[in-house]
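J.: Sharing a structure here in structure tokens format.
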Amino acid sequence: MDFHKYMHAVGTGPKGNRDLSFEESEDMMKQILEKSVHNEQITAFLLGWRLKPETIEEFRGAISACDSYITKTKIENSIELGYPFDGKAKNPYMFPLVAKILKDSGLNLVVIGDELQPAKNGITIKDICTKIELESNINYFDRANFFKELHSLTEIRMRLGLRSGFNTIEKLPNVSASDYAITGVFHKPYVKKYIDIFADRYKRFALIQGNEGTPELFSKGRLWIANGTDVEEFIIDPEYYGINYTKSWESISLEDSIEQLNNPSSEYLKLAKLNAAVYLFVTQKAQSIDEAFAMLNG
């Protein structure tokens, strides 16, 4: 279809806007990924789409288009961690420590990175994974290698400088064909949205009130696990497990983030152990978080 029709659907205001069908959204995304339309058209569409805003059906159609371009590499016994591509700005990453704790469990962690995307301007997964030695059970996928079409849109997105539908779509590409996945949400209303978009792509799909939108729990929050259409909610309080980690609210540098990974405090290590227990529970290696935490504490 002529791309102008998609621009008209999202860019004519409340009275003239309309939602795209699954098939239209799939076609729209293919045209963007192949850059068969001008950069200005892509930018205009992304802005209008965000303001309309996007629907579940549109997201699913767009993800279907993305699937046809992604080169997958199956990682057995793995969980995909859905991190935002705009990075973390106020706290260090935890997954390298979690992976170390989980080595004896046999569980593989899958993380995906790329150049910085809008709009937080934080430290990215790629920043970390290219600066430290990764544990053998961390499987890092660089998007430039497995999904170059989306990677090549980085400059356009950075010029726009705002969040777009891509920020939702890109978090869970399932490049590893994992049976399990977990990503972070800020607010409870997003739980149903993410479940409707992603849950049927995995055997078990989880969401957590993670730090800065990541799948890393730093303070008391909720975990949601989708089993088909059923959703279970769990409250997780680090203090219940004897953890008294104090979150930072200041900006953190890449150097400081790496230093905290190389020389973690005892409380940070305990917090990493709690997150490892969550992943064991999500991947059905333990019947509860309490059981998993006890297992990891020997």
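The values are calculated or read from the model by the stated rules, or taken from the named source; none is laboratory data. Computed from a prediction, not measured in an experiment: that's the story for all the values here. Don't worry about glycine lacking a Cβ; one is built from the backbone with ideal geometry, like all the others, and counts go over all protein chains shown. The accessibility values were calculated without ligands, DNA or RNA, using every heavy atom of the protein model including side chains. Shrake-Rupley method; radii C 1.70, N 1.55, O 1.52, S 1.80 Å.
J.: Beyond 32 Å between alpha-carbons counts as too far, so tell me which of LYS35/LYS100; LYS193/LYS247; LYS35/LYS88 fall in that bin.
T.: Among LYS35/LYS100; LYS193/LYS247; LYS35/LYS88, the Cα-Cα distance tops 32 Å for LYS35/LYS100.
J.: Another question about this same structure. How much of the accessible area of the chain, probe 1.4 Å, is carbon plus sulfur, in whole percent?
T.: On the way: 6360 of 13120 Å².
Looking at the chain in its full context, I get 49 percent from C and S.
J.: Please label the shape of the stretch 210-257 as rounded, prolate or oblate, based on the square roots a ≥ b ≥ c of the eigenvalues of the alpha-carbon gyration tensor (a/c under 1.5 means rounded; beyond that, a/b larger than b/c means prolate, else oblate).
T.: oblate
J.: Magnitude of the Cβ-charge dipole of the stretch 1-84, K/R +1 and D/E -1, about the Cα centre, nearest 20 debye?
T.: 220
J.: Along the charge dipole of the stretch 116-183, Cβ charges K/R +1 and D/E -1, which of CYS129, ALA144, LEU162 sits furthest on the positive end?
T.: Positive-most Cα among the choices belongs to LEU162.
J.: What residues have an amide H closer than 5 Å to that of ASN139, excluding those fewer than 5 places away on the same chain, when H is modeled at 1.01 Å from N in the peptide plane?
T.: Amide H neighbours of ASN139, under 5 Å, 5+ apart: LEU109, VAL110, VAL111.
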